[in-house]
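Okay, so here's the structure we're looking at.
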Amino acid sequence: MRADATFAVKAFVPTELKPEPAVSTGLPVGVATMEKRFDGEAAGRSVTLFTAAFDQTTGVGTYVAMESFEGSLHGREGAFNFVHSATTSGSDRTAEFFTIVPSSGIGELAGIAGAGGMAVDADGTHRIWFEYELG
């Protein structure tokens, strides 16, 4: 099955967490927490641990995010984890990865497995989709 939705970031909070011992590189590494709201065939909210090596000036970098989603897919209530990452040169998304974490589903989403993806429209609308099975 495929569940499509839009989402909005409700909170993005940088943390003071830094790799120790420190290693100097061309891009700084940072960690933040996020909260998102989802509307559509996937409805609910997620909380995220977000790690990135990113240059704010040029928009170049890579991120890795672990999200915990609670809500519904096609009306089935529950929760699960998913992980995604991508690289950008400032105006694109490459090297994308997106998977639902095995054995993470609970409630009516127990046994969920699959993948998905994300995209940002030209008007700034954020889209997400889950391609999943329940087993």
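No lab work stands behind these numbers, since they all come straight from the coordinates. Everything quoted here is computed from the prediction, not taken from an experiment. Please note: Cβ atoms are built from the backbone with ideal geometry, for glycine as well, and neighbour counts cover all protein chains shown.
Structure notes:
- As a calculated quantity, the FRET efficiency between THR15 and ALA122 at R0 = 41 Å, using C-beta atoms, amounts to about 0.85.
- Estimated FRET transfer efficiency when R0 is 25 angstrom, pair ALA115-VAL23 (beta carbons, to 0.05): 0.20
- Relative contact order (%) - criterion: Cα under 8 Å, at least six apart; region: the range 59-119: 29
- Stretched out straight at 0.36 nm per residue, the stretch from THR58 to ARG76 would grow longer than its current Cα-Cα span by 2.4 nm.
- For the range 110-117, the Karplus equation 6.51 cos²θ - 1.76 cosθ + 1.60, evaluated at θ = phi - 60°, returns couplings of 4, x, 5, 8, x, 9, x, x Hz by residue, with Gly and Pro reported as x.
- Separation between Cα centres of the range 107-135 and the range 37-69, rounded to whole Å: 13
- Per DSSP, loop GluC sites (Glu not before Pro) in the range 1-69 with at most 15 further Cβ within 10 Å: GLU16
- Each Cα pair under 8 Å and six or more residues apart adds its separation to the average, and for the chain the resulting relative contact order is 21 percent.
- For SER85 and ARG37, the FRET efficiency from 1/(1 + (r/R0)^6), where r spans their Cβ atoms and R0 equals 22 Å, is about 0.55.
- The stretch between VAL101 and ARG45, if pulled fully straight at 0.36 nm per residue, gains 18.5 nm over its current Cα-Cα span.
- Rounded to the nearest Hz, the phi-derived 3J(HN,Hα) couplings of the range 97-102 under the Karplus curve 6.51 cos²θ - 1.76 cosθ + 1.60 (θ = phi - 60°) are 9, 7, 8, 7, 6, x, where x marks glycine and proline.
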